[in-house]
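To start, the structure itself, in structure tokens.
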Amino acid sequence: DLTTGTHDLVARFAETTEFAPSVSAAAAFRVTDTTTTVVTGSSPNPSTYGELVTVTVAVASASGIPTGSVSLSDGSTTVGTCTLDVAGTCTVTSREIRAGVRSLVARYAGDGIFLASASEAHAHEVFVTETATSVSTSLNPSEYGQPVDLTVRVDATTGVPTGTVTITEIGRAHV
């Protein structure tokens, strides 16, 4: 097996009792990298933000089984990476795929024999996580002008919510 690159090959004919030995002129022989295809699938699909999603990646070639690494991205954001196993497959698991219909692309980095390639965009739908918001006070009732602490709690079915909370009195915003 020749590795990728250019190789100078010569043929040598061994002497026999009837024939003299000979050697051919050197002939350049080039072995190129092999093309690959990348296929993905995700489960569960659809999912909810914060839910563990498993994306399975398979890299194939007509010339053998590719080795190396794969990165999974959602646009310009890397969702995860994995290393191909002996069958040319790997999985990426993530809880960080943003809500919406995402276009996940797996990119195979290539190795010394197999060329880098990318999958077609794989549509994966992620629903927003349901939340429940509650507010409590340190003092109820309170007297006018008396300081009162408000505690707001936002819980989600998966993940930890981040963001802004606004407390309003019907029709008016307060800080």
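Rule-based calculations on the coordinates, nothing more; no lab input. Fair warning: this is a prediction, and the values are worked out from it, not measured in the lab. FYI the Cβ positions are ideal-geometry reconstructions off the backbone, even for glycines, and counts take in every protein chain you see.
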Checklist entry - Which FRET efficiency, nearest 0.05, do S43 and R95 yield, Cβ-Cβ r, R0 22 Å? => result 0.95
Checklist entry - Given charges of +1 on the Cβ of Lys and Arg and -1 on the Cβ of Asp and Glu, with all other atoms neutral, how large is the dipole of region 81-175 about its Cα centre, in debye to the nearest 20? => result 140
Next on the checklist: I want to verify a result. In a Gaussian network model of the chain, Cα cutoff 10 Å, which of these has the top mean-square fluctuation: G64, G88, G145?
Outcome noted: G145
Item to check | Overall Cα dimensions of the chain, principal axis frame, Å, largest first | outcome: 120, 27, 24
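What is the percent of Cα-Cα separations in region 87-175 that go past 14 Å?
Of the Cα pairs, 79 percent sit more than 14 Å apart.
Which three semi-axes in whole Å describe the equivalent ellipsoid of region 1-92, each the square root of 5 times a Cα gyration tensor eigenvalue, listed largest first?
50, 13, 8
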Checklist entry - How high is the FRET efficiency from N140 to T162, r the C-beta distance, R0 22 Å, rounded to 0.05? => result 0.20
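Label region 40-84 by shape, choosing from rounded, prolate and oblate, from the square roots a ≥ b ≥ c of the eigenvalues of the Cα gyration tensor; if a/c is under 1.5 it is rounded, and otherwise prolate applies when a/b is larger than b/c, oblate when it is not.
Since a/c reaches 1.5 and a/b is larger than b/c, the shape of region 40-84 is classed as prolate.
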Checklist outcome for this item: If one builds a Gaussian network model of the chain from Cα atoms under 10 Å apart, the most fluctuating residue listed among V38, V152, V79 is V152
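Treat every Asp and Glu Cβ in region 38-113 as -1 and every Lys and Arg Cβ as +1, leave all other atoms uncharged, and give the resulting dipole magnitude about the Cα centre to the nearest 20 debye.
Result for region 38-113 is approximately 160 debye, rounded to the nearest 20.
Which loop-located trypsin sites (Lys or Arg not before Pro) does region 71-175 contain, where loop means any DSSP state but H, G, I, E or B and the Cβ has at most 16 other Cβ atoms within 10 Å?
Numbers: sites: R95, R98, R102, R107, R153, R172; in loops: R95, R98.
Here the trypsin sites (Lys or Arg not before Pro) that fit, given the DSSP loop and packing criteria, are R95, R98.
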Next on the checklist: Explain nothing, just the number: dipole magnitude of the chain about its Cα centre with +1 on each Lys and Arg Cβ and -1 on each Asp and Glu Cβ, in debye rounded to the nearest 20.
Outcome noted: 260
Checklist outcome for this item: Per the 1/(1 + (r/R0)^6) rule, R0 = 41 Å and r from the Cβ atoms of T83 and F29, FRET efficiency to 0.05 is 0.80
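Please return the longest stretch of the chain lacking exposed loop sites, where chymotrypsin sites (Phe, Trp or Tyr not before Pro) count only if DSSP places them in a loop and at most 14 other Cβ atoms lie within 10 Å. Write out the running numbers ahead of the final one.
On the way: sites that count: F19, Y144.
That would be 20-143.
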Checklist entry - GNM on the chain, C-alpha springs below 10 Å: top fluctuator among E96, E15, E125? => result E15
Checklist entry - What percent does the relative contact order of the chain come to when contacts are Cα pairs within less than 8 Å and at least six residues apart? => result 19
